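Asks: Dropping the structure in here first, questions after.
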Amino acid sequence: MERETQAIHAGYQIDPTTGAIVPPIYLSTTFERDADGSYSHGFMYARHHNPNRNALEENSCTLEGGAGAAAFASGSVAMMTLFQALAPNDHVLAPDNLYFGIQQMLKTLFAGWGLQSDFVDMTDLALVEKSIRPNTKMVLIETPSNPLLKITDIQAVADIAHQHGAMLVCDNTIATPILQRPLEHGADVVVHATTKYLGGHSDVMGGMIVAKENNAFFQKIQEIQALCGAIPSPFESWLTLRGIQTLPYRMAAHSQNALKVAEFLSQHPNVEAVLYPGLSSHAGYDVAKKQMEGFGGLMSMLVKGGQAEAMAVAAKVKIFARATSFGGTHSLIEHRASIEAPGTKTPQNLLRLSIGLENVDDLIADLGQALA
Ligand SMILES: *Cc1c(COP(=O)(O)O)cnc(C)c1O
């Protein structure tokens, strides 16, 4: 099946008891045993399995081309599970502009637990190689990255990680499996905040881990999922799967709109720089072209001036909403540095834009009047 068909059909079946085309939401926390004590339907207790969650996991697994998937209540707890599946004194090599909350998680919670971590520029392959330690078990990348939209060469970093016996985990939240399938480029594990594009309508949180192999590491992930229960509810699973049905079409439209906005902004006299991997001037353009099938809907612009000038632009938009997050139908604009903790390296004149599915001429006009 092709992507568009997989997005709609993988994990899906017509309800066998009623013929319902839209799957029911199974709220039951518990499931009946057979007379002989077995569970012939495959369900026992909702922390372990639920039909809506299983369907979502199967769908994501198919789209990413993995061997197994595990759904979580948020992208953050999916990341937490990846770290918990390691052991104290293991080392994680992570990107220097890793999603801010995950950086905090490693530097505070997991450092206290004994997990070591370093943060490096993953586009500098010599530095990546030099930073690997004997106890490095996981190399984590995020490409494109947030909010600087840096592009990491997945295959090149996978090769370095594997030479040193480490696994490569790729956060694929910004690209989605429609535009980039990291498992085909050497990654061992893909992680998502389904809160963003997969859900796609800014109305449901979730996370997803997809593994290339059903190995001991993935089984540990499933063990943590079942033992600790940081799972999405049946309704959240249902909503996320509903969102994924239109993912291929949404990603195409997000990408098309975003490229036009990026081209407009890069010509604007009040814009110092536009960070978008679909622009040929972007440092990661060639690598992005090699490993992506489109460039997505997220970008950042550096407004001429400093924080005050950037805030003034954000204050004037009328169609864009001033809000965090990305991946929904509505366009959003955000001054990143002031939402991240003090000490952030994000430039003070940076505004991150999540380009939604409105008509692109309206979006360009809105940014034009705000920048004027
Ligand atoms: C949003 C996001 C996360 C965290 O996901 P939540 O669902 O908000 O917990 C992790 N990584 C990236 C790249 C994100 O954009």
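Asks: Mind checking which aspartates and glutamates have their C-alpha under 12 Å from Lys212, skipping anything on the same chain fewer than 8 residues away?
Replies: Glu64, Glu184, Asp188
Asks: For Met167, which sequence-distant residues (separation of 5 or more, or a different chain) have an amide H within less than 5 Å of its own amide H, given hydrogens modelled in the peptide plane?
Replies: Amide H neighbours of Met167, under 5 Å, 5+ apart: Met138, Val139.
Asks: What list of whole percents do you get for P(r) of the chain, with Cα-Cα distances grouped in 20 Å bins up to the one holding the largest distance?
Replies: Pairs per bin, as whole percents: 29, 56, 14, 1.
Asks: If the elastic network links every pair of Cα atoms under 10 Å, which of Thr17, Thr136, Thr240 fluctuates the most in the Gaussian network model of the chain?
Replies: Largest GNM mean-square fluctuation: Thr17.
Asks: Which percent, to the nearest 5, of DSSP beta bridges fully inside the chain are antiparallel?
Replies: Roughly 55 percent of the beta bridges in the chain run antiparallel, per DSSP.
Asks: Just Arg47, Arg33, Arg336 to compare: in a GNM of the chain, with alpha carbon springs under 10 Å, which one fluctuates most?
Replies: Between Arg47, Arg33, Arg336, it is Arg33 that shows the largest mean-square fluctuation.
Asks: About its Cα centre, how strong a charge dipole does the chain have in debye, to the nearest 20, once Lys and Arg get +1 and Asp and Glu get -1 at the Cβ?
Replies: The calculation lands at about 620 debye.
Asks: So what's the Cα pair-distance distribution over region 108-247, bin width 10 Å, in %?
Replies: 11, 36, 38, 15, 1
Asks: Next question. With the chain treated as a Gaussian network of Cα nodes joined by springs under 10 Å, which of Gly114, Gly243, Gly297 yields the largest mean-square fluctuation?
Replies: Result for the chain, Cα springs under 10 Å: Gly114 fluctuates most.
Asks: Let me ask something additional. Counting only protein chains, not ligands or nucleic acids, how are Ser300, Ser202 ordered by accessible area (probe 1.4 Å), most first?
Replies: The residues order as Ser202, Ser300, largest area first.
Asks: Ile364: net charge of surrounding residues, Cβ under 10 Å, Lys/Arg +1, Asp/Glu -1, itself excluded?
Replies: Residues near Ile364 contribute -3 overall.
Asks: Right, next: Expressed as an acute angle from 0 to 90° and rounded to the nearest 10, what is the orientation of the C-alpha long axis of helix 216-228 relative to the principal long axis of the chain?
Replies: 80
Asks: Got a sec? Which residues in region 108-125 would a label at Ala216 touch, if it sits 7 Å along Cα→Cβ and we count backbone N under 14 Å?
Replies: No residues fall inside that zone.
Asks: Here's another thing I want to ask about it. Measure nothing but the geometry: give the 0 to 90° angle between the long axis through the Cα atoms of 154-163 and the longest principal axis through the Cα atoms of the chain, rounded to 10°.
Replies: Tilt relative to the chain: about 60 degrees.
Asks: Too long at a 22 Å Cα-Cα cut-off: which of Lys196/Lys316; Lys220/Lys290; Lys107/Lys345? Mind showing how you got there, number by number?
Replies: Values: Lys196/Lys316 25 Å; Lys220/Lys290 33 Å; Lys107/Lys345 15 Å.
Violating the 22 Å limit, Cα to Cα: Lys196/Lys316; Lys220/Lys290.
Asks: Considering amide H positions built from the backbone, and no H for Pro or chain starts, which residues 5 or more places from Ile231, or on another chain, come under 5 Å of its amide H?
Replies: Ala73
Asks: Here is a follow-up. Roll a 1.4 Å probe over the protein chains and send me the accessible area per residue for region 285-359 in Å².
Replies: 43
Asks: Among DSSP beta bridges whose residues both lie in region 160-284, state the antiparallel percentage, nearest 5.
Replies: Roughly 60 percent of the beta bridges in region 160-284 run antiparallel, per DSSP.
Asks: Using amide H atoms built 1.01 Å from N in the peptide plane, name the residues 5+ places from Gly68, or on other chains, whose amide H lies under 5 Å from its own.
Replies: Ala211
Asks: Which whole-angstrom value gives the distance between the alpha carbon centres of region 91-116 and region 271-331?
Replies: 26
Asks: Would you mind counting up the charge near Pro177? Only other residues with Cβ under 9 Å from its Cβ, with Lys and Arg at +1 and Asp and Glu at -1. List each step's numbers first, then the result.
Replies: Details: positive: Arg3, Arg181; negative: Glu64.
Residues close to Pro177 contribute a combined charge of +1.
Asks: Looking only at region 214-372, where both bridge partners belong to it, what percent of the DSSP beta bridges are antiparallel (to the nearest 5)?
Replies: If we restrict to bridges inside region 214-372, about 85 percent are antiparallel.
Asks: Between Asp36 and Ala314, what length comes free when the chain is fully extended (0.36 nm per residue of separation minus the Cα-Cα distance, one decimal in nm)? Provide the component values of the computation, followed by the final result.
Replies: Numbers: separation 278, 0.36 × 278 = 100.08 nm, distance 6.42 nm.
Between Asp36 and Ala314, full extension yields 93.7 nm more.
Asks: Go ahead and estimate [θ] at 222 nm for the chain from helices alone: -39,500 (n - 2.57) per DSSP H run with n ≥ 4, summed, over the residue count, rounded to 500.
Replies: Mean residue ellipticity, 222 nm, calculated: -10500 deg cm²/dmol.
Asks: In the chain, with Lys and Arg counted as +1 and Asp and Glu as -1 at Cβ, which of these residues, Ala321, Phe235, Pro24, has the Cα nearest the positive end of the dipole, that is, farthest along it?
Replies: Of the options given, the answer is Ala321.
Asks: Same structure, new question: Looking at the P(r) of region 208-338, how many percent of alpha-carbon pairs lie beyond 24 Å? Walk me through the numbers before you get to the answer.
Replies: Working: 4129 of 8515 pairs.
Everything past 24 Å amounts to 48 percent.
The values are calculated or read from the model by the stated rules, or taken from the named source; none is laboratory data. Please read all numbers here as calculations on a predicted model, not as lab measurements. Reconstructed Cβ throughout: ideal geometry from the backbone, glycine too, with neighbour counts over all protein chains shown. Surface accessibility is based on the protein's heavy atoms, side chains included, excluding ligands, DNA and RNA. Shrake-Rupley method; radii C 1.70, N 1.55, O 1.52, S 1.80 Å.
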